[in-house]
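The values are calculated or read from the model by the stated rules, or taken from the named source; none is laboratory data. Predicted model, so just to flag it, every value in this text is computed and none were measured. Backbone-built Cβ (ideal geometry, glycine too); neighbour counts: all protein chains shown. What goes into the accessible areas is simple: the full protein's heavy atoms, side chains included, and nothing from ligands, DNA or RNA. Shrake-Rupley method; radii C 1.70, N 1.55, O 1.52, S 1.80 Å.
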Amino acid sequence: MPPNKRKANGAKVPSSVPNVASSKEEFSFWLLKSEPESRLENGVDLKFGLEDLKKEPNQTACWDGVRNYQARNFMRSMRLGQKGFFYHSNCKVPGIAGLVKIVKESYVDHTQFDKKDPHYDPKSSQDNPKWDMVDVQFQRELKRFIPLHELKQLHLDHKKNSGPLAKLALFTSARLSVQPVRQEEFDYIVSLEDVTS
DNA sequence: GCCAACGTTGGC
DNA sequence: GCCAACGTTGGC
């Protein structure tokens with residue numbers, strides 16, 4: 001029996017809780033959370049929905065502001081060309097809005113040094129930066145918005161009958177803002193586009 | 001707006 | 001290195 005499992009940052013993982021980050025599995029798909037509705041933090045509006053990504057030059061944006069070690073480590077393992085879901089969080093109807101592609105692998109997140117940025121980190125330094133980001137590009141909208149409540153229902157179902165969404169990180173690590181997605185999870189969720197109720 | 005879940009901090 | 005207190009996330 002190994003001693004306490006550890007996360008990449010050294011913090012302890014409760015051994016009773018299944019945790020996606022302690023897995024040695026390699027992931028090739030991702031889920032990125034962003035808030036599509038206005039919310040001010042230190043006077044800065046954090047609103048950034050899929051529509052906002054589409055309006056960026058090249059429909060590309062840097063994924064700055066991630067201040068969680070697990071999420072950062074997942075960004076560090078992202079590779080060029082990999083796909084991710086663009087998830088709308090903290091809004092009226094949370095859920096998956098579209099697909100993005102990783103177009104630049106992890107590099108230093110400059111916002112950690114900017115005192116005026118809501119995600120400024122006084123403990124980080126240019127010499128020893130703590131936080132990274134990647135660039136993502138809009139790929140496409142899903143044919144229909146896949147709401148969280150639908151995924152939740154499927155997740156509960158699949159836990160009982162061992163379906164593809166039984167271990168989806170969206171529910172097993174609900175608070176992570178950057179999550180890994182398995183191939184079978186990705187394919188299944190994309191296939192929901194064509195499901196009519 | 002509430003609050004459960006859970007990550008982080010800091011005293012000891 | 002433990003763990004209580006605190007802060008944040010994000011669904012509801």
Query raised in the report: What number of residues within region A:106-156 satisfy the criterion of being touching a Leu at 6+ places or on another chain (Cβ under 6 Å) and farther than 23 Å from A:Ala174 by Cα?
Result: 3
Requested in this report: List every residue pair whose Cβ atoms sit under 8 Å apart, with the two residues 6 or more apart in sequence or on different chains, where the first one lies in region A:64-76 and is near DNA strand B (Cβ under 7 Å from one of its atoms) and the second, anywhere, is modelled with pLDDT of 95 or more and in a loop (DSSP other than H, G, I, E, B).
Outcome: A:Asn68/A:Leu176; A:Asn68/A:Ser177; A:Gln70/A:Ser173; A:Gln70/A:Leu176
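Is at least one residue of region A:146-159 assigned to a loop (DSSP other than H, G, I, E, B) and either touching a Pro at 6+ places or on another chain (Cβ under 7 Å) or open to solvent by less than 50 Å² (accessible area, probe 1.4 Å) (or both)? Show your work before the answer.
Narrowing region A:146-159 to residues assigned to a loop (DSSP other than H, G, I, E, B): none.
No - not one qualifying residue is present in region A:146-159.
What residue, of A:Ser162, A:Ser89, is surrounded by fewer than 20 Cβ atoms within 10 Å (Cβ to Cβ) and within 16 Å of DNA strand B (Cβ to nearest atom)?
Numbers: A:Ser162 fails: within 16 Å of DNA strand B (Cβ to nearest atom).
After applying the criteria, what remains is A:Ser89.
Do we find that A:Gln137 is at pLDDT 95 or above and more than 14 Å from DNA strand C (Cβ to nearest atom) in this structure? Don't jump to the end; show me each part of the working.
Values: at pLDDT 95 or above: yes; more than 14 Å from DNA strand C (Cβ to nearest atom): yes.
In short, yes.
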Query raised in the report: What is the number of the single condition among (1) more than 16 Å from DNA strand B (Cβ to nearest atom); (2) farther than 26 Å from A:Ser28 by Cβ that A:Ile189 does not meet?
Result: (2)
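Residues A:Val178, A:Val190, A:Val100: which one is buried (at least 16 other Cβ atoms within 10 Å of the Cβ), over 21 Å from A:Asp64 (Cα atoms) and hydrophobic (A, V, I, L, M, F, W, C)? Even if it seems obvious, please write down each step before you answer.
On the way: A:Val178 fails: over 21 Å from A:Asp64 (Cα atoms); A:Val100 fails: over 21 Å from A:Asp64 (Cα atoms).
From the options A:Val178, A:Val190, A:Val100, the qualifying one is A:Val190.
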Query raised in the report: Which one of A:Asp117, A:Asp109, A:Asp127 is touching a residue at least 40 places away in the same chain (Cβ under 8 Å), more than 20 Å from A:Tyr87 (Cβ to Cβ) and charged (D, E, K, R)?
Result: A:Asp117
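When you go through A:Val44, A:Val17 one by one, which is the residue that is over 18 Å from the mean Cα position of the chain (by Cα) and modelled with pLDDT under 55?
Values: A:Val44 fails: modelled with pLDDT under 55.
When all the criteria are applied, what remains is A:Val17.
Anything in region A:110-129 that is part of a loop (DSSP other than H, G, I, E, B) and either under 18 Å from the mean Cα position of the chain (by Cα) or away from DNA strand C (no atom under 16 Å from the Cβ) (or both)? List them, or say none.
Here is the first cut: in region A:110-129, the residues part of a loop (DSSP other than H, G, I, E, B) are A:114-129.
Scanning region A:110-129 gives A:Asp114, A:Lys116, A:His119, A:Ser125, A:Gln126, A:Asp127, A:Asn128, A:Pro129.
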Report task. Could you run through region A:160-197 and say how many residues are within 16 Å of DNA strand C (Cβ to nearest atom) and part of a helix (DSSP H, G or I)? Result -> 5
